[in-house]
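The values are calculated or read from the model by the stated rules, or taken from the named source; none is laboratory data. No experiment lies behind these values; they were computed from the predicted model shown. Every residue, glycine as well, gets a Cβ built from its backbone with ideal geometry; the counts of neighbours run over all protein chains shown. The area values use the complete protein model at the heavy-atom level, side chains included, leaving out ligands, DNA and RNA. Shrake-Rupley method; radii C 1.70, N 1.55, O 1.52, S 1.80 Å.
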Amino acid sequence: MSGDRPAAKDAKSANAGPPVALVTLATAEKQDVPVTVQVNGSVVSLNSVDLRPQVTNTVSAVHVKEGQFVKAGQLLFTLDDRNDQANLARARAQQQKDEATMADLERQYKRSQDLVAQNFIAKSAADATLSQLQAQRAAVAADRAAVQSAQVALGYATLRAPIAGRIGAVNIYPGTLVQPTLSLVTITQLDPIAVSFPVPEGNLQDLLAAARTRAKVEALVTGRREPLFGTLDFVDNTVDPQIGTVRAKAVFANADQSLWPGQFVNTRITVRMLDGVTVVPAAALMMLSDGTSLYVVDAEHKAARRQVKVLHTFGTKVAVSGVTPGEQVVIEGSQNVRPGGKVRVDTKAPAGPGGAPANGTTGVTPGSAASSDIKPTRERA
């Protein structure tokens, strides 16, 4: 009798089958998912002018202070214009002299025409007077051009702001000798302002479509709770082959100077919407040799492995195709599950937002750039 007991125990254990896996489940949800790209960008000015003099001269007056906001056309610097004033006066005097000579030649030519008509002088004499008159008219035209040139040179003595913006550092003082190679000041436009950011090459077509509709772009500034909103204004015409990104630019209203040129900001843009897709926790996915899959549990607590296609990953969730909203998927304990096997639901596991366990890991960094790349738990087939 004692010899039969071990055999009975072995038969009973053989009929018991594999142990039931303890798992944590989450419900697949249906929702609209925005496809966003979140990257670091830098603030750039739409207009920045490096103001330089056109001539070599001495500064006679500085009309602005560094850091001052100026309007377009506002007077910034005045150069010593005494020599230019004298050149302009000389050119005007020469013009008046030549105009007087021209007027006299016109009178002479008119009289010679009358004398020719009366046969008092030869026609050749009238032609000679006409030649002198035409030469004098050309001299007057040259004088007018000289006066205009002197006025242009005199205009170089006053330097005005070509754009509205903020003045940078001013290191020029009255009496400073300046020349065309010397920068007097830099004027930078601050309102509106732009944010330049790189977008992965895989999102290029979506980005071009968003540019046609002037999609909104968010900028998160350090020290500011609320994001700033701008519009997508520019997409570069080439992709950087070294890093696989294309440069985009968004324009922001900046009346309160929240954005500053050269500042780094976190930018986010919604390039398209996925309407009514199925969303599951990223922890449910498994990367196997035959593709991405997950376990679906039916009402009888039987697990079935199902292949899915990843549409978009955002935060700790992922939009997939191949799962129906409302189905239960395994998010913890999948390493012990066998296709077609029974599972036991762990009701004590604390659930976090979206059905994910609070102490579970998804392998996806929250707030990362939009991508279909995921890092689920690797399961053996």
Q) Extension gain residue 226-residue 160, at 0.36 nm per residue separation less the Cα-Cα distance, in nm? A) 20.0 nm
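Ratio of alpha-carbon Rg to the 2.2 N^0.38 Å globular estimate for the range 15-137, to two decimals, please. Don't skip to the answer; put the middle values down first.
Numbers: Rg = 42.2 Å, N = 123, 2.2 N^0.38 = 13.7 Å.
That works out to 3.08 for the range 15-137.
In percent, how large is the relative contact order of the range 136-229, given Cα pairs closer than 8 Å and 6 or more residues apart? Please report the intermediate quantities before stating the final value.
Working: 43 pairs, mean separation 16.9, N = 94.
For the range 136-229, the relative contact order is 18 percent.
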Q. Across the chain, where is the longest run that never hits GluC sites (Glu not before Pro) in a DSSP loop with at most 13 other C-beta atoms within 10 Å?
A. 67-299
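Please compute the Kirkwood hydrodynamic radius over the chain, one decimal place, Å, based on all pairs of different Cα atoms.
Values: mean 1/r = 0.0345 Å⁻¹.
With all distinct Cα pairs of the chain included, I get 29.0 Å.
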Q) Taking the Cα atoms only, what angle lies between the long axis of helix 123-155 and the longest principal axis of the chain, rounded to 10 degrees? A) 40 degrees
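Give me the number: length gained by fully extending residue 74 to residue 247, i.e. 0.36 nm times residue separation minus the C-alpha to C-alpha distance, one decimal in nm. Numbers along the way, then the final one.
Working: separation 173, 0.36 × 173 = 62.28 nm, distance 3.45 nm.
So the chain would gain 58.8 nm between residue 74 and residue 247.
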Q.
Whole angstrom only: what separates the Cα centroid of the range 138-201 from the Cα centroid of the range 61-103?
A. 15 Å
**Q.** Label point distance in nm, residue 107-residue 186, each placed 7 Å from Cα along Cα→Cβ
**A.** 6.3 nm
**Q.** Contact order normalised by residue count of the chain, Cα under 8 Å, 6+ apart, percent
**A.** 26 percent
**Q.** Charge dipole magnitude, Cβ of K and R +1, D and E -1 - the chain, Cα centre, debye nearest 20
**A.** 580 debye
Q) Which translational diffusion coefficient, to the nearest whole µm²/s, is obtained for the range 138-248 from the Stokes-Einstein equation, given a Kirkwood hydrodynamic radius over C-alpha pairs, 4 °C and 1.567 mPa s? A) 67 µm²/s
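Helix-only estimate, please: 222 nm mean residue ellipticity of the chain, summing -39500 (n - 2.57) across DSSP H runs of length 4 or more and dividing by its residues, to the nearest 500.
Values: 4 runs with 91 residues, N = 381.
Result for the chain: -8500 deg cm²/dmol, rounded to the nearest 500.
Nothing charged except the Cβ atoms of Lys and Arg (+1) and of Asp and Glu (-1): what's the magnitude of the dipole of the range 31-122 about its Cα centre? Round to the nearest 20 debye. It would help to have the intermediate numbers written out before the result.
Values: 10 positive and 11 negative charges, 66 e Å.
Its charge dipole is roughly 320 debye.
Between rounded, prolate and oblate, where does the range 181-334 land on the alpha carbon gyration tensor, with a ≥ b ≥ c its root eigenvalues, rounded for a/c under 1.5, else prolate if a/b exceeds b/c? Walk me through the intermediate numbers first.
Numbers: a/c = 3.15, a/b = 2.54, b/c = 1.24.
Cα axes put the range 181-334 in the prolate bin.
Could you please tell me the mean projected area of the C-alpha convex hull for the range 56-210, averaged over all directions and given in square nanometres to one decimal?
Details: hull surface 72.6 nm².
Projected area, direction-averaged: 18.2 nm².
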(Q) Show me the chymotrypsin sites (Phe, Trp or Tyr not before Pro) within the range 101-201 that DSSP assigns to loop and that have at most 16 other Cβ atoms within 10 Å of their Cβ. (A) 120, 156
Q. Which Rg and Dmax, in Å, describe the Cα atoms of the range 88-147?
A. 13.9, 46
Q. In terms of modelled amide H atoms, which long-range or inter-chain residues lie less than 5 Å from the amide H of residue 76?
A. 159, 160, 161
Q) How large is ³J(HN,Hα) for each residue in the range 188-203, as worked out from phi by the Karplus curve 6.51 cos²θ - 1.76 cosθ + 1.60 (θ = phi - 60°), to whole Hz, x for Gly and Pro? A) 10, 7, 10, 9, x, 9, 10, 10, 9, 8, x, 10, x, 4, x, 9
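Based on a Kirkwood Rh over C-alpha pairs, give the Stokes-Einstein translational diffusion coefficient of the range 197-288 at 4 °C and viscosity 1.567 mPa s in µm²/s. Present the calculation step by step, with values, prior to reporting the outcome.
Values: Rh = 15.3 Å.
Answer from the Stokes-Einstein relation: 85 µm²/s.
Of 275, 256, 50, 81, which has the most accessible area and how do the rest follow, probe 1.4 Å?
On the way: 275 115, 256 95, 50 70, 81 50 Å².
Descending accessible area places them as 275, 256, 50, 81.
Whenever you get a sec, line up 32, 206 from highest to lowest accessible area (probe 1.4 Å, protein heavy atoms).
Most to least solvent-accessible, the answer reads 32, 206.
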Q | For the range 214-219, 3J(HN,Hα) per residue [Karplus equation, 6.51 cos²θ - 1.76 cosθ + 1.60, θ = phi - 60°, Hz, x = Gly/Pro] | A | 6, 5, 6, 10, 9, 10
Q: Would you mind checking which residues have amide H under 5 Å from residue 172's amide H? H placed 1.01 Å from N; only 5 or more apart, or other chain.
A: none
(Q) Under the rule of at least 5 residues apart or a separate chain, name every residue whose amide H is placed under 5 Å from the amide H of residue 190. (A) 166
